[in-house]
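I have placed the structure first, in the form of structure tokens, so that the comments after it can refer back to it.
The values are calculated or read from the model by the stated rules, or taken from the named source; none is laboratory data. As the structure is a computational prediction, the values presented were derived from the model and not from experiment. Every residue, glycine as well, gets a Cβ built from its backbone with ideal geometry; the counts of neighbours run over all protein chains shown.
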């Protein structure tokens, strides 16, 4: 069904903000979402339901598939609005490559027409070349606008988008659009090659007088050179715009990644395995082996002022008496063998004091401990009343402890 | 030049791990002007004077065999503040150098994850952070004195942390050869 242009533009004129809202939202829209936008962008006395109906009648919104409850903005309308609102869509490298292929095909046809001196085919090829060049020019223009808008958006964006996310997006623009485009449009790229061949054939057409429309021929030649130079300039400029942002975001992204990795490693493996590669070394000089002047002077003075004395005489004869500590140790080592013959012992402390009444308190306790913790015996405190045990130099109060062999 | 200016002061500070930056005049200007002379002088003593590309100076540290506990503390503290800035979607360097911080308003105890990381290096509360910041002031990474109570700001030598982050990222990228390499520090 054809749409009446007058009705279409009248509706658009009265609903510019609604159309902008729909265009900015993009994607599929349900009736409720469309009604919400209509309410947010009212137009005079018109009922929202009427606006909703008109949107569909004028084919501004079309169903995603026959009978669907979801709607899309019709592609021609979306393009018109993008044009009106100066919102550019970047052409992908595939689109430009498509143009180059189309141009190459047309040029082949032109070459054949020139060989066959087919004036009609030459004219048709001329028109096609002209149209393709205009499309390339328009798309390059739009791509440049889209890239510059994106760069401006990053520079002004203050939302809480992480550095790494921003970096990923700018990398996308760099890798998806700028770099591949430069590959296509550079001086030795496929676009230039197609243009050179086109120019050669246009010259041949003129020389062989197969074109009557000389102004059109010269227009095409001029346009060829213009688009070729323009394409390279546009994307070189885009790269210049985007490169500093790319570098800066790349650096920030790596800083963020480094910090995150260091923390992640610490969290996962703990400090002991964190490793020194995450530490930032700081110099700390300690002159531990270099004495100061004052220390040297003191050392020299001590040497100089050292009073002479006879050398010590070493006693080489073997000691006659065993040291006390050794005697005590031997006694402690002998205890298990002694007690083994009396097992089971009902009251270990009582047994010790009975056998060794001359031992002082610390020795008795040492012997007691050695026996209690000896691996051959098992000690158990009884629940009996506390006894007072007299030692050689004091007294010990304790519940009796029985000792049996294990 | 016959005699290097402020040699005693410069040596005295650098040997303790201090980083001399633009806040340290007149030593900083002297180092900027006669860097090669100072570097030669210290090289004779077996010390390497480093001029960071962000324009500050420090002695190259020995290998980190005997690591004092302050180094992991400083590292964890610094990585956390970078991580916080990243999570907030803020430009990291602008966030670090573009403002004064309050010790009590730092993000270090706002997340359980951060708290647990700090616990590993024995930093448990704001008082411990204050102690840590004092140490960072001693090496010239932050400025505390002369500012308001509990206030501090990061100084240019904090760029060493960024350099370390780039190094860490580079090491991890090395395992993924397809990824873009980090930019120079």
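Step by step: first the residues of the stretch B:116-133, then only those that are within 14 Å of chain A (Cβ to nearest Cβ) and loosely packed, with under 15 Cβ neighbours inside 10 Å, then the one that is farthest from residue B:12 (Cα to Cα). Which residue is that?
B:116
So that you can scan it fast, the table gives a plain yes or no per residue for (1) out of contact with any strand residue (DSSP E or B) (no Cβ under 9 Å at 6 or more places or on another chain); (2) at pLDDT 90 or above:
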position: B:30; (1), (2): yes, yes
position: B:36; (1), (2): yes, yes
position: B:45; (1), (2): yes, no
position: B:51; (1), (2): no, yes
position: B:63; (1), (2): yes, no
position: B:74; (1), (2): yes, yes
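Return the residues of the stretch B:81-97 that are modelled with pLDDT of 85 or more and within 7 Å of chain A (Cβ to nearest Cβ); say none if nothing qualifies.
Scanning the stretch B:81-97 gives B:82, B:83, B:92.
Does residue A:80 satisfy the criteria of being outside the structural domain of residue A:190 (by TED's automatic domain parsing) and either closer than 15 Å to residue A:138 by Cβ or touching a helix residue (DSSP H, G or I) at 6+ places or on another chain (Cβ under 6 Å) (or both)?
yes
Give the stretch B:2-38 a look and list any residue that's within 14 Å of chain A (Cβ to nearest Cβ) and part of a helix (DSSP H, G or I), or say none.
Answer for the stretch B:2-38, where residues must be within 14 Å of chain A (Cβ to nearest Cβ) and part of a helix (DSSP H, G or I): B:10, B:11, B:12, B:13, B:14.
Residues are listed down the side, and each one gets a yes or a no for (1) at pLDDT below 75; (2) surrounded by 15 or more Cβ atoms within 10 Å (Cβ to Cβ); (3) touching a strand residue (DSSP E or B) at 6+ places or on another chain (Cβ under 7 Å); (4) in a helix (DSSP H, G or I):
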| site | (1), (2), (3), (4) |
| --- | --- |
| A:62 | no, yes, yes, no |
| A:89 | yes, no, no, no |
| A:94 | no, no, no, yes |
| A:131 | no, no, no, yes |
| A:134 | no, no, no, yes |
| A:140 | no, yes, no, yes |
| A:160 | yes, no, no, no |
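Could you check, for the stretch A:232-248, whether at least one of its residues is in contact with a helix residue (DSSP H, G or I) (Cβ under 9 Å, 6 or more places away or on another chain), at the interface with chain B (Cβ under 7 Å from one of its Cβ atoms) and buried (at least 18 other Cβ atoms within 10 Å of the Cβ)?
Looking through the stretch A:232-248, none of the residues is in contact with a helix residue (DSSP H, G or I) (Cβ under 9 Å, 6 or more places away or on another chain), at the interface with chain B (Cβ under 7 Å from one of its Cβ atoms) and buried (at least 18 other Cβ atoms within 10 Å of the Cβ).
With the condition kept exactly as written, say whether any residue in the stretch A:276-288 is at pLDDT 85 or above and assigned to a helix (DSSP H, G or I).
Yes, because at least one residue in the stretch A:276-288 is at pLDDT 85 or above and assigned to a helix (DSSP H, G or I).
Among the residues of the stretch A:46-58, are any at pLDDT below 85 and either touching a strand residue (DSSP E or B) at 6+ places or on another chain (Cβ under 8 Å) or closer than 23 Å to residue A:83 by Cβ (or both)?
no
Report the residue count in the stretch A:194-214 for those that are part of a loop (DSSP other than H, G, I, E, B) and under 25 Å from residue A:90 (Cβ atoms).
First, pick out the residues of the stretch A:194-214 that are part of a loop (DSSP other than H, G, I, E, B): A:208-213.
Those still in the list that are under 25 Å from residue A:90 (Cβ atoms) too: none.
Total meeting the criteria: 0.
Just to check your reading of the model, which residue among A:226, A:191, A:245, A:217 is assigned to a helix (DSSP H, G or I), under 30 Å from residue A:118 (Cα atoms) and either over 43 Å from the mean Cα position of the chain (by Cα) or at pLDDT below 80 (or both)?
Answer to the check: A:217.
Under 8 Å between Cβ atoms, at least 6 apart or on separate chains: pull out the pairs that start in the stretch B:48-68 with a residue that is away from chain A (no Cβ under 12 Å) and end on any residue that is exposed (fewer than 15 other Cβ atoms within 10 Å of the Cβ) and modelled with pLDDT under 90.
Listed pairs, sorted by first residue: B:53/B:184.
Pick from the stretch A:249-276 the residues that are more than 7 Å from every other protein chain (Cβ to nearest Cβ) and either out of contact with any helix residue (DSSP H, G or I) (no Cβ under 9 Å at 6 or more places or on another chain) or surrounded by fewer than 20 Cβ atoms within 10 Å (Cβ to Cβ) (or both): which of them is nearest to residue B:84 (Cα to Cα)?
Here the residue is A:264.
Quick check, is residue B:97 under 21 Å from residue A:167 (Cβ atoms) and in contact (Cβ under 8 Å) with a residue 24 or more places away in the chain?
Against the criterion (under 21 Å from residue A:167 (Cβ atoms) and in contact (Cβ under 8 Å) with a residue 24 or more places away in the chain), residue B:97 qualifies.
Quickly run through the stretch B:33-53 and pick out the residues that are within 21 Å of residue B:139 (Cα to Cα) and surrounded by 15 or more Cβ atoms within 10 Å (Cβ to Cβ).
Residues satisfying the conditions are B:38, B:39, B:42, B:47, B:49, B:50, B:51, B:52.
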